[in-house]
Structure formats: C-alpha cells, structure tokens
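K.L.:
Sharing a structure below in structure tokens format, with a few things to ask.
The values are calculated or read from the model by the stated rules, or taken from the named source; none is laboratory data. No experiment lies behind these values; they were computed from the predicted model shown. Here the Cβ positions follow ideal geometry from the backbone for every residue, glycine too, while neighbour counts run over all protein chains shown. Quick note on the areas: whole protein, heavy atoms, side chains included, nothing else; ligands and nucleic acids left out. Shrake-Rupley method; radii C 1.70, N 1.55, O 1.52, S 1.80 Å.
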Amino acid sequence: MATISTNGFRNGLKIELNGEPFLMVEFQHVKPGKGGAFVRTKLKSLKTGLVLERTFRSGEKIDLPDLEEKEMQYLYKDAGLYYFMDTTTFEQLAIGEEVIGGNKNFLGENLTISVLFHNGHPIGINLPIFVNLKVKESEPGIKGDTASGATKLAKLETGYTVQVPLFIVVSDVLKIDTRNGGYIERVK
C-alpha cells in the first residue's frame, strides 16, 4: 500500500485511517517552541461525510486509499437498490440506498454520474451540478398572479418536491441544482 509523509499533506488529499478513506479539508503545520513539530488536520469521511480533527507527528507516514472512480449510467431502482451500468464495460451494478443517500432525489433515468469505489466496493456517487427532471405533479397556477413572485410545489419524476414559479405545468422539464435542490429554470 502506498504511503505519504506529513510533508506531502495538501487540501484535497485522500488518505486512509483505520481502513476508511478520508478527504483532507484543511491542514496546518505547527512548530511549537518546545517539543516536536506536528500537523493539525480536518478530515472528511468519504463514506459517511462526518468531519473529524486529527493531529499527526511531523514526518509520520500515512496510508493512501485504494480509490477508483468510474463513469456509470443510472438505469432504474428496484427493491431499495439502484442499478447502474458501467459506460465502458456495460456491466451492471446494484448500489444500496445507504450509499446513494440524498442523491436519490436527483437520479433521473439515463443520467451519467461518477461512482467512487474503495477497495472495489462503491462508497459514494458524484452527481453533475445540474440535472434535468420532468414535472409529474403540480397544481395549476392562478392566472394574473405572476407579478408577485409567488411559488408552488411541484413533484418531479424522482419523487422529489421543489418550489417552482406558478407558470410551471405538468410535463415541463426543469433544471435543478443538485447542491441545494433548488429550481434553476425551465428547459426548452
């Protein structure tokens, strides 16, 4: 297994602690007047998303994780499993809802995403910043009430509900921001 010294620490570095992959969010080299130098870090778990603070002695060796990212296409959901197809080998893979998490709200059919694997097992997915999803249910807007900037709820094809302007109707395709789940615009 590959290792890295604390001298090679940088923001965005991926390391492995106790068999779990972490992303280095922040680091600071500290050289106190007494005692040895050390590195104070903030690490974000790539599996759970939890952030922890950890201190390493200067020169300490840390393992690098066995990570791989594959481009995959979302196919369908069945019995709590989400099915994806590798875009290069065409092999299908089922991923559980515990790995998908809140990203399930933005998985439209045939969406191409990036799946992160740790030691050959999927641990997370990365969505594009914007996705296009079709409106399945929405109350009709009130004519003449568009100047007030009012909004209504619309249910998308994935089951996700979002606030939209009153002029949005069923079967419109909307551009949604996957970072905050907000409506951006209607797609022509």
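K.L.:
Only one of these is closer than 21 Å to VAL99 by Cα and exposed (fewer than 12 other Cβ atoms within 10 Å of the Cβ): ASN11, ASN7, ASN18. Name it. Give the derivation first.
P.N.:
On the way: ASN11 fails: closer than 21 Å to VAL99 by Cα; ASN7 fails: closer than 21 Å to VAL99 by Cα.
Only one candidate passes the filter, namely ASN18.
K.L.:
When you go through (1) more than 18 Å from LEU23 (Cβ to Cβ); (2) among the hydrophobic types (A, V, I, L, M, F, W, C); (3) in a strand (DSSP E or B) one by one for LEU52, which number turns out not to apply?
P.N.:
For LEU52, the exception is condition (1).
K.L.:
Another one. Anything in region 65-96 that is open to solvent by 90 Å² or more (accessible area, probe 1.4 Å), among the hydroxyl-bearing types (Ser, Thr, Tyr) and within 19 Å of the chain's Cα centre (by Cα)? List them, or say none.
P.N.:
TYR76
K.L.:
Another question, then. I'd like to verify a number: residues in region 156-169 that are open to solvent by 50 Å² or more (accessible area, probe 1.4 Å) and closer than 10 Å to LEU133 by Cβ, how many?
P.N.:
Quick first cut of region 156-169, residues open to solvent by 50 Å² or more (accessible area, probe 1.4 Å) only: 157, 161, 163, 167, 169.
Cutting the leftovers down to closer than 10 Å to LEU133 by Cβ gives us 157.
Qualifying residue count for the region: 1.
K.L.:
Return only the number of the condition from (1) within 14 Å of ILE125 (Cα to Cα); (2) outside any strand (DSSP E or B); (3) hydrophobic (A, V, I, L, M, F, W, C); (4) open to solvent by 40 Å² or more (accessible area, probe 1.4 Å) that VAL99 does not satisfy.
P.N.:
Just one mismatch for VAL99, condition (4).
K.L.:
If you scan region 39-53, which residues turn out to be open to solvent by less than 50 Å² (accessible area, probe 1.4 Å) and at negative phi?
P.N.:
Of the residues in region 39-53, the ones open to solvent by less than 50 Å² (accessible area, probe 1.4 Å) are 39, 41, 43, 45-46, 49.
Within region 39-53, VAL39, THR41, LEU43, SER45, LEU46 qualify.
K.L.:
I've got another one for you. Tell me yes or no: at least one residue of region 72-95 is touching a helix residue (DSSP H, G or I) at 6+ places or on another chain (Cβ under 7 Å), closer than 30 Å to GLY8 by Cα, at pLDDT below 95 and among the small types (Gly, Ala, Ser). Can you show your working first?
P.N.:
Here is the first cut: in region 72-95, the residues touching a helix residue (DSSP H, G or I) at 6+ places or on another chain (Cβ under 7 Å) are 80, 82.
Filter once more, keeping what is closer than 30 Å to GLY8 by Cα: none.
Taking every residue of region 72-95 in turn, none turns out to be touching a helix residue (DSSP H, G or I) at 6+ places or on another chain (Cβ under 7 Å), closer than 30 Å to GLY8 by Cα, at pLDDT below 95 and among the small types (Gly, Ala, Ser).
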